[in-house]
Amino acid sequence: MAYSMEFRHRRARRMHLEPDTIFTDGSPASLWTCRLMAASGALEPEYWSEAGPGCELSVFCDDDDTSDADLRAHGREESARRLARFRARLEQLEASPLDESPPEFVNVRHVALRLGLGDIEQSVLAFAVSLGLRESLSEVFDRALAVGGGRLFATLSLALGCAPEQVRAALDHDSPIVAAGMVAVDSCFDKHSDQRIAVSPSFSHALRREYVASEDMFAHFFTPGAVTQLGIEDFPHARDAVHLVLRLLTAASRERAVGVNVLLHGHPGVGKTELARMIARESGASLFEIASQDKDGEGLPSSGRLTAYALSQRILAAQRGAIILFDEIDEAITTSRRRRWTRLPFEEPEPGLDKAWMNRTLEKNPVPAIWIANHGESIDPSLLRRFRLVMELREPPAAVRKGMIRRYLGSLDVSDAWLTRVARDSRVAPGHIENAAAVVRLSGVESPAEVEATMSRVIDGCVDLQGTCRMRPPVPLDLGEWSPQWVNSSTPLPPILDGLTRESSGTVLLYGPPGTGKSAFAHQVASTVGRELIAKRASDLLSMWVGQNEKLIAEMFAEARAANAVLLLDEADSFLGDRSGAHRSWEVSKTNEMLVQMEAFQGIFLCSTNLVETLDPAVFRRFALKVRFDPMRPDQRWGLFCRTLEGFGVAPDEALRPAIDRLSLLTPGDFAAVVRKARLLGAPKDAAMLVEALQEEQKMNPRGRAKEIGFGA
């Protein structure tokens with residue numbers, strides 16, 4: 001009685017129970033409500049006479065307008081009459097078959113059948129779901145917990161008519177309903193009780209609906225995987241890792257191994273989801289994907305998706321040859337999970353509980369799973385250790401992107417030149433290509449020109465909005481076939497090309513004024529050795545965030561290593577500057593990171609700079625070759641002058657050779673600029689016009705202006 005009096009004095013509001021519900025509803029929820037009312041002492045006449053205003057038993061009055069003052073006036077005789085009526089209803093419910101036709105009870109039976117739940121586990125699950133649907137049961141349960149000193153298992157055993165030990169076993173962390181994330185026990189739920197039982201909101205929402213077939217309910221949580229158009233040949237840049245994943249998942253499915261989880265991570269749009277679908281198909285397994293939204297089209301919260309994953313593991317455990325795909329896990333796996341949907345707004349999350357649940361989930365899953373993240377580095381190290389295999393998928397090389405574009409376009413016709421240009425843009429990921437191809441089909445575009453224009457518009461809109469730092473590769477000089485005869489280098493270039501081809505590795509520093517052919521030579525190296533060129537500039541690797549520069553530098557080398565590509569770092573002085581003049585720690589750390597990565601890189605690495613004098617002294621010994629590129633020699637200038645005139649269909653004039661000799665700062669880049677200008681304004685009518693155009697280009701050169709001022713024209 002002490003608990004009853006304490007509860008009555010501290011409870012600020014009266015319960016709003018509907019008497020018609022308790023006396024007419026024959027569902028298990030009404031039986032549980034009556035049992036808890038009896039167990040809480042509310043059936044004792046003493047409680048009736050002492051309760052006074054706000055007494056919960058006023059809900060059983062025949063007259064809805066009866067006031068608390070009228071209740072006190074009725075006295076013990078009226079209380080006994082009402083009590084007899086209530087006891088008769090409780091006895092009737094105990095003796096009669098219960099009505100389990102409401103949707104929540106029907107759906108709980110379906111879940112129990114699929115999960116192999118015992119009777120007590122099924123009852124606990126149904127009770128937890130009913131708490132969120134029936135206010136009368138919820139309020140009586142709160143009162144019974146308070147009267148019972150917050151002993152959750154004992155209180156539940158009274159409602160369900162079983163032993164407390166059975167309830168405890170049903171709510172153990174290894175029990176199906178808890179391990180599957182459907183039900184949780186939350187300590188310190190509110191000031192009236194020490195523990196509370198709750199059901200996942202997303203799971204409760206699914207159980208409230210009526211379904212034509214029981215399988216329709218499970219579509220809230222997972223669905224059969226989508227079919228991909230891609231094959232193993234579309235991932236040559238990750239071939240070894242893909243075959244390892246295939247062998248692992250095939251063996252895990254065959255041997256029914258426990259705790260097999262694969263983490264795929266990488267930048268958005270590089271093809272992680274398509275790769276996972278392809279791996280499942282090639283392994284001969286049935287793929288099931290965790291839902292990201294419910295049947296009403298509303299996005300599932302992180303806790304709801306984790307519940308869906310845990311439930312799918314239990315349901316699919318008996319199905320041989322199944323693989324589960326959990327996409328976009330970044331938020332779900334790094335935020336508070338279990339108490340996210342049971343704690344009150346003012347309560348702090350308890351990440352320890354979440355981590356323990358996640359650890360068990362990754363260690364005991366019976367169905368192999370592929371987890372996909374955009375930012376693998378944000379995952380807790382203790383969770384990372386529990387993945388059997390971690391694989392990073394990087395941007396595909398140009399040749400791979402070209403093949404993907406052809407596959408996604410299908411019968412749509414585009415030019416090979418357009419395909420090559422788009423494929424060489426390292427910003428373009430498989431996701432962009434697939435999306436653009438879908439837009440083209442839906443728009444009904446058919447002509448090659450319209451297809452190319454539409455594809456370009458969609459792709460450019462995506463990559464520009466994302467603000468990606470990855471750049472488009474530099475365009476080689478448009479002077480026809482590249483030839484070392486136009487380049488004035490300190491070391492002959494053909495032997496360098498032969499050596500890099502023979503060794504398949506090497507570091508070369510290319511330095512000298514702009515336009516002298518450094519970038520064009522890098523393109524020629526890639527073409528000669530038969531590899532893709534990955535070109536990076538300072539804008540690709542510099543970040544405002546501390547530590548991000550080092551990360552981007554490491555990613556640059558890793559990308560080149562994974563693609564077996566030739567790596568060109570333009571504007572290398574931004575990262576290899578003299579550390580003795582550094583004023584901030586990050587200026588030193590980025591140079592240190594670049595030097596460390598250079599030492600470890602086994603491929604072909606080219607650096608170009610216009611400011612070699614600003615480089616750190618320790619940099620030079622990292623390069624096997626240091627090649628200076630200077631303005632063209634007189635014979636080179638005259639030879640390229642004649643070659644350019646030939647391209648315009650104009651005969652050279654030997655009388656103009658002295659004028660060309662005086663243009664001592666001309667570079668191949670100046671000739672390329674003149675060619676581009678001629679395309680816009682028309683080709684020169686004679687050789688003299690080409691000389692004038694080259695003179696204008698040299699005047700734009702700062703060194704050319706200085707010479708003109710100092711020595712005259």
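The values are calculated or read from the model by the stated rules, or taken from the named source; none is laboratory data. All of these numbers come straight from a predicted model, not from anything done at the bench. Positions of Cβ are generated from backbone atoms using ideal geometry, with glycine treated the same way; all protein chains shown enter the neighbour counts. These area figures cover heavy atoms from the full protein model, side chains too; ligands, DNA and RNA do not enter into them. Shrake-Rupley method; radii C 1.70, N 1.55, O 1.52, S 1.80 Å.
Taking every residue in segment 301-321 that is open to solvent by 40 Å² or more (accessible area, probe 1.4 Å) and pairing it with any residue that is of a type in the set (V, I, T), at least 6 positions away or on another chain, the pairs with Cβ-Cβ distances below 8 Å are Q319/V367.
Okay, residues lined up against (1) in contact with a strand residue (DSSP E or B) (Cβ under 7 Å, 6 or more places away or on another chain); (2) open to solvent by 10 Å² or more (accessible area, probe 1.4 Å); (3) assigned to a helix (DSSP H, G or I); (4) on the phi < 0 side of the Ramachandran plot:
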residue: F86; (1), (2), (3), (4): no, no, yes, yes
residue: L90; (1), (2), (3), (4): no, yes, yes, yes
residue: V108; (1), (2), (3), (4): no, no, yes, yes
residue: Q122; (1), (2), (3), (4): no, yes, yes, yes
residue: F127; (1), (2), (3), (4): no, no, yes, yes
residue: S130; (1), (2), (3), (4): no, no, yes, yes
residue: L137; (1), (2), (3), (4): no, no, yes, yes
residue: D142; (1), (2), (3), (4): yes, yes, yes, yes
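Summed over segment 427-444, residues that are open to solvent by less than 10 Å² (accessible area, probe 1.4 Å), closer than 17 Å to V400 by Cβ and either at pLDDT 80 or above or not hydrophobic (A, V, I, L, M, F, W, C) (or both) total 4.
Here are some residues: G512, G506. Which one is of a type outside the set (V, I, T) and within 42 Å of the chain's Cα centre (by Cα)?
Only one candidate qualifies: G506.
Of the residues making up segment 413-426, just one is assigned to a helix (DSSP H, G or I), open to solvent by 40 Å² or more (accessible area, probe 1.4 Å) and among the small types (G, A, S), namely A417. If you go through segment 620-653 and keep only what is touching a strand residue (DSSP E or B) at 6+ places or on another chain (Cβ under 6 Å) and part of a loop (DSSP other than H, G, I, E, B), you end up with F623, A624, M632, R633. Number of residues in segment 184-216 that are at pLDDT 80 or above, surrounded by fewer than 19 Cβ atoms within 10 Å (Cβ to Cβ), closer than 10 Å to V129 by Cα and in contact with a Pro (Cβ under 9 Å, 6 or more places away or on another chain) equals 1.
Restricting E363, E377 to residues that are under 19 Å from the mean Cα position of the chain (by Cα), loosely packed, with under 15 Cβ neighbours inside 10 Å and in a helix (DSSP H, G or I) narrows the list to E377. For segment 148-159, state whether one or more residues are open to solvent by 30 Å² or more (accessible area, probe 1.4 Å), under 20 Å from K364 (Cα atoms) and of a type outside the set (D, E, K, R). Scanning segment 148-159, I find no residue that is open to solvent by 30 Å² or more (accessible area, probe 1.4 Å), under 20 Å from K364 (Cα atoms) and of a type outside the set (D, E, K, R), so the answer is no.
Yes/no matrix, rows are residues, columns are (1) within 35 Å of the chain's Cα centre (by Cα); (2) surrounded by fewer than 16 Cβ atoms within 10 Å (Cβ to Cβ); (3) at pLDDT 90 or above:
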| position | (1), (2), (3) |
| --- | --- |
| W482 | no, no, no |
| L493 | no, no, yes |
| L533 | yes, no, no |
| V546 | yes, yes, no |
| K551 | yes, yes, no |
| A565 | yes, no, no |
| D573 | yes, no, no |
| S585 | yes, yes, no |
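Can you find a residue that is among the hydroxyl-bearing types (S, T, Y), more than 30 Å from L552 (Cα to Cα) and in contact (Cβ under 8 Å) with a residue 60 or more places away in the chain anywhere in segment 604-620? Within segment 604-620, not a single residue is among the hydroxyl-bearing types (S, T, Y), more than 30 Å from L552 (Cα to Cα) and in contact (Cβ under 8 Å) with a residue 60 or more places away in the chain. Restricting R457, R502 to residues that are open to solvent by 20 Å² or more (accessible area, probe 1.4 Å), assigned to a helix (DSSP H, G or I) and modelled with pLDDT of 90 or more narrows the list to R502.
Of all residues assigned to segment 234-242, at least one qualifies as being open to solvent by less than 20 Å² (accessible area, probe 1.4 Å), at pLDDT 90 or above and among the β-branched types (V, I, T).
Scanning segment 243-272 for residues that are within 24 Å of E532 (Cβ to Cβ), crowded, with 21+ Cβ neighbours inside 10 Å and either without any contact (Cβ under 8 Å) to a residue 40 or more places away in the chain or of a type outside the set (D, E, K, R) (or both) yields V245, L264, H265, G266, G269, V270, G271. Among residues of segment 506-531 being open to solvent by 10 Å² or more (accessible area, probe 1.4 Å) and among the polar types (S, T, N, Q), the one that is modelled with the highest pLDDT is T507.
The residues of segment 603-641 that are under 21 Å from S527 (Cβ atoms), in contact with a helix residue (DSSP H, G or I) (Cβ under 8 Å, 6 or more places away or on another chain) and of a type outside the set (V, I, T), listed by number, are G603, F605, L606, C607, S608, L625, F629, L640. Filtered by the rule that a residue be open to solvent by 10 Å² or more (accessible area, probe 1.4 Å) and in contact (Cβ under 8 Å) with a residue 24 or more places away in the chain, segment 392-408 gives E392, R394, E395, P397, A398, A399, V400, G403, R407.
Here is a yes/no grid of residues against (1) among the polar types (S, T, N, Q); (2) on the phi > 0 side of the Ramachandran plot; (3) in contact with a helix residue (DSSP H, G or I) (Cβ under 8 Å, 6 or more places away or on another chain):
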position	(1), (2), (3)
T507	yes, no, yes
L510	no, no, yes
P513	no, no, yes
A522	no, no, no
G530	no, yes, no
I534	no, no, yes
A538	no, no, yes
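Look at (1) under 30 Å from L681 (Cβ atoms); (2) in contact (Cβ under 8 Å) with a residue 40 or more places away in the chain; (3) open to solvent by 20 Å² or more (accessible area, probe 1.4 Å); (4) aromatic (F, W, Y) and you find that W638 fails only one, number (2).
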